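The values are calculated or read from the model by the stated rules, or taken from the named source; none is laboratory data. On a predicted model such as this, the values are computed, not experimentally measured, just so you know. Cβ sites come from the backbone with ideal geometry, for glycine too, and all protein chains shown count toward neighbours.
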């Protein structure tokens, strides 16, 4: 069998082309750094005013962050699959916190919040395990069942 040699991109012909191509990675890194600094500034502002933010707004923010992470993971899946998988895991784990926060917002007791958070984690990891094919999603299911069982034990008055 004869295999053709791999083709390479032609070298830039002029200095202007070379300069233009070298600026692309730098611009991407600067954009990433700038957006990261803006994110850190936003987190600092929210953290410093946490007690003045209403509980409903906190839950809404958690919902937006969770949905945003899951959306980013789907969009980045073909470009950077490893990073997208990590983001998907974080977003999926946050679903448990969303369940707890929503139940707390509705005025349920702490054990009921834990049960719903655990069941939300089980459901979200079941859905995401089919999409991402990662063993760690199944580990999240075990954690969700443990969380739900803990809440059920507290609701029923069972002690360990």
**OP:** State whether the residues of region 11-27 include one that is exposed (fewer than 10 other Cβ atoms within 10 Å of the Cβ), in contact with a helix residue (DSSP H, G or I) (Cβ under 9 Å, 6 or more places away or on another chain) and modelled with pLDDT under 80.
**Re:** yes
Original post:
Can you find a residue in region 84-104 that is in a helix (DSSP H, G or I) and exposed (fewer than 10 other Cβ atoms within 10 Å of the Cβ)?
Top reply: no
Original post:
Among (1) at pLDDT 90 or above; (2) over 12 Å from the mean Cα position of the chain (by Cα); (3) buried (at least 18 other Cβ atoms within 10 Å of the Cβ), where does residue 108 come up short?
Top reply: (3)
Original post:
Considering region 113-158 alone, what residues qualify as being closer than 25 Å to residue 59 by Cα and either part of a loop (DSSP other than H, G, I, E, B) or touching a strand residue (DSSP E or B) at 6+ places or on another chain (Cβ under 7 Å) (or both)?
Top reply: none
